[in-house]
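Heads up, the thing below is written out as structure tokens.
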Amino acid sequence: MRKLLLFSLTFCLPLLLSAGGGMWLPLLLENLNEEEMKGMGMKISADDIYHINKGSLKDAIVHFGGFCTGEVISNQGLVLTNHHCGFSAIQSHSSLEDNLLENGFYAKTKGEEKATPGLFVTFIERIEDVTNSVLDGIDEDTSEKERAALVAENIAALKARYRLKDHEDLLVKPFYDGNQYFAFVTKTYNDVRLVGAPPSSIGKYGADTDNWEWPRHTGDFSLFRIYTAPDGSPADYDADNIPMVPKKHLEISLGGVKPGDFSMIFGFPGRTDQYLSAAAMQQRTAIINPIRIGMRDRSLAVIDSAMRADQQIKIDYASKQARIANAWKKWRGESEGVAAVDAIAKRKAMERDFLTRLRAKPGEQERYAPLLPEIDALVEQQEAVASSNAYAAELNYNIDLFRIANILRRQVKIAESNGLEEFKRRLPGIINYLESFYAGYNAEVDKRVAKALLPVYYANVPEEHLSFYVQDQVEFAGSLDRMITDLFERSYLTKGERLLRLLRNDPENALNLLRGDMGYVYVAQLNTHNEREVIDIYNEYQQRAAPLQRQYMKGLLLFFPEKRLYPDANSTMRVSYGKVEGFTGLDGKKFDHITDLDGVIAKYQPGDYEFDLPLKLVKLHQDKDYGRYAMKNGKLPVCFLGSNHTTGGNSGSPALNGQGQLVGLNFDRTWQSTMSDVNYDPTICRNIMVDIRYVLFLIDKLGGAPHLVEEMTLVK
């Protein structure tokens, strides 16, 4: 049997002359990226970014809550992240009497900092290549089932023999579709306290209207502090805990940014798919995304019309509308961005190059020649189920009756598996959720959304993907429109007070009622059939594609030795780098790299939930009272752009200059840049950052918390 070829990235991926792009493991920067980074303006060394024996930048970066990034910005464990990353923590401390979301909050003393149970931060102690250990015993002839078992067995053995210190854990993750594995030694701190946040009118300024857009004027930040046991070790909350003394904290530059400056993002990006085949990219951006976009076009049209006609609905549906529109914008931007740069044609050209290079290696023909045809065949075969699932998923996401039916369906399953007493034990949490849900629920609006979406589902999903039940209901009612009306009129799920009263007074009867409720049964039947006839089949295609994609990825690494093919994001620590720069939009309009407070005030609409502002900020602008945080032109910077490769999970990531100093806080991408999840292109992909001078101004001058700025290390 032929042994699986194991390789070192250091030798097979020499440098290219292209500038920036990619999400790189920090321990490999010295061999792969340092020369290019210095050529772009970086003044520090790769050792300053990642080192295991001395404090380096990686020691100031935390995985915040497991879903965002944060950075330590003082020698007292002060952590900076986005407002939207800290939102749930801020919300948990808010009440009608003391609404921190509305009013903002800054602790005047450490004693006022608010413990936040469940919130944690994780540091990376070190990263190691463990490919040889994880793939031990695996060769080209190992079946997928045997491979999966051996990988699991080898990882378990690896973890058993790792020498971990107190409070350390080990995470082993695959890279390059399982061609390589790295181990991450981590340390997690569970006592993380809220220190400060601006009011949501600043932290969410622009809300949905400005989401994925530029120019941007959002002060998206919040502050927390890590506490440790008196000996400095991680500990659960205790009144005797002390502020953390970190190995490293970031210096903060007041020097600002200008076009062409080196820019580096350090964080935990969630997921990208940079190595999809051209066929898979085509399916995603030209078939699946348009299905999702079209469904949300209809949903948003109903909601927007209702919000314009009724002020209470506008209030109740503001967050729902934003939630639905968020991904809608992203999918549009992704598809339009891919089309604008002709990414699919470029991917096809790369695939032709792959086959050309393969022909020069006769001994590899049998292994690699069938891969792309087999991948493309699977993509084509899965298209029907992928499309049907996209339609079903949009029903479940956009129609609130479906959303609540699915939540209750999970609870009914738990009751059926674990008994009535377990259901009763969980009931307070269920009731609490439902009270919040129904507080802003409007059955008439929801019915109109259903009438906009369900006809599209019935018209476009093949008959074999529709359950007999959902087909029969239309026949019984006489028409689809009448069936939807009956669904909403007869279901308890549209009558919140009655359902809640029954759950409180007679849980057992409530369970029985749900099992026979028309709305509950309809959604359960639709989704049960979809899970069996659509999702399960789709997952089978994905499982068949996984080994082909892994082998294809290996071929890309082997046949393109002159290219640096960075691994897809997988929520592990990465560095991306680029420049501070504006861009030209798809319509040819040019955009500057920076915004200022004048732009914030220009958008100001008193009383508007997206564009209201604290009067104190308006007054500070009138007086031009910006302190030391103004630019040389006298204006106050707010946000700026860079060509750094980012995605979800990079929220809260520090934007660092060439000296490794903090100049901004990453929080978003421009609309056309959302394609970077499948195709990063430095000509149009831009990430959006809050200028750190605006953050400091808001803490100091608006928030009245100069003591927090004083504990930071500021440099000019």
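The values are calculated or read from the model by the stated rules, or taken from the named source; none is laboratory data. As the structure is a computational prediction, the values presented were derived from the model and not from experiment. Virtual Cβ from ideal backbone geometry, glycine too; neighbours counted across all protein chains shown.
Structure notes:
- Condition met for E146 (closer than 22 Å to E711 by Cβ and either acidic (D, E) or not assigned by TED's automatic domain parsing to the domain that holds S233 (or both)): no
- Entry remark, region 32-84: residues being assigned to a strand (DSSP E or B) and either farther than 17 Å from L708 by Cα or not assigned by TED's automatic domain parsing to the domain that holds Y189 (or both) number 6 in total.
- For region 133-149, a residue qualifies if it is part of a loop (DSSP other than H, G, I, E, B) and farther than 19 Å from R161 by Cβ, and the qualifying residues are E140, D141, T142, S143.
- Y626 falls short on exactly one of the conditions (1) surrounded by fewer than 24 Cβ atoms within 10 Å (Cβ to Cβ); (2) in contact with a Leu (Cβ under 8 Å, 6 or more places away or on another chain); (3) within 16 Å of P215 (Cα to Cα); (4) not hydrophobic (A, V, I, L, M, F, W, C), and that condition is (3).
- Residues in region 326-380 that are of a type in the set (S, T, N, Q) and exposed (fewer than 15 other Cβ atoms within 10 Å of the Cβ) were compared, and the one that is farthest from the chain's Cα centre (by Cα) is Q365.
- Residue list for region 89-125, restricted to those being closer than 30 Å to F182 by Cβ and hydroxyl-bearing (S, T, Y): T122
- Condition met for Y694 (touching a residue at least 24 places away in the same chain (Cβ under 8 Å), farther than 18 Å from F640 by Cβ and of a type in the set (F, W, Y)): no
- K619 of a type in the set (K, R) and either crowded, with 17+ Cβ neighbours inside 10 Å or within 28 Å of the chain's Cα centre (by Cα) (or both): no
- Annotation note: Cβ proximity below 8 Å between a residue of region 96-111 that is surrounded by 11 or more Cβ atoms within 10 Å (Cβ to Cβ) and a residue that is of a type in the set (D, E) and modelled with pLDDT of 95 or more (sequence gap 6+ or interchain) occurs for A107/E113.
Per-residue answers, yes or no, for (1) in contact with a Gly (Cβ under 9 Å, 6 or more places away or on another chain); (2) among the aromatic types (F, W, Y); (3) under 30 Å from T595 (Cα atoms):
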position	(1), (2), (3)
G178	no, no, no
F182	no, yes, no
L223	yes, no, yes
I226	yes, no, no
G232	no, no, no
V245	yes, no, no
I252	no, no, yes
G256	no, no, yes
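- Single residue of region 503-542 satisfying the filter (in contact with a helix residue (DSSP H, G or I) (Cβ under 8 Å, 6 or more places away or on another chain) and closer than 17 Å to E380 by Cβ) that is surrounded by the most Cβ atoms within 10 Å (Cβ to Cβ): V534
- Among all positions in region 118-141, there is at least one residue which is modelled with pLDDT under 95 and under 21 Å from L80 (Cβ atoms).
- Among the residues making up region 156-170, those that are assigned to a helix (DSSP H, G or I) and either touching an Asp or Glu at 6+ places or on another chain (Cβ under 8 Å) or charged (D, E, K, R) (or both) are K159, R161.
- Tabulated pairs, region 236-249, first under 19 Å from P654 (Cα atoms), second modelled with pLDDT under 95 and assigned to a loop (DSSP other than H, G, I, E, B), C-beta under 7 angstrom, 6+ apart or interchain: K247/G55; K248/G55
- Among the residues of region 568-599, those that are in contact with a helix residue (DSSP H, G or I) (Cβ under 9 Å, 6 or more places away or on another chain), modelled with pLDDT under 95 and either of a type in the set (G, A, S) or not in a strand (DSSP E or B) (or both) comprise G585, L586.
- Subset of region 457-505 that is touching a Lys or Arg at 6+ places or on another chain (Cβ under 7 Å) and of a type in the set (F, W, Y) - its residue that is farthest from N398 (Cα to Cα): Y492
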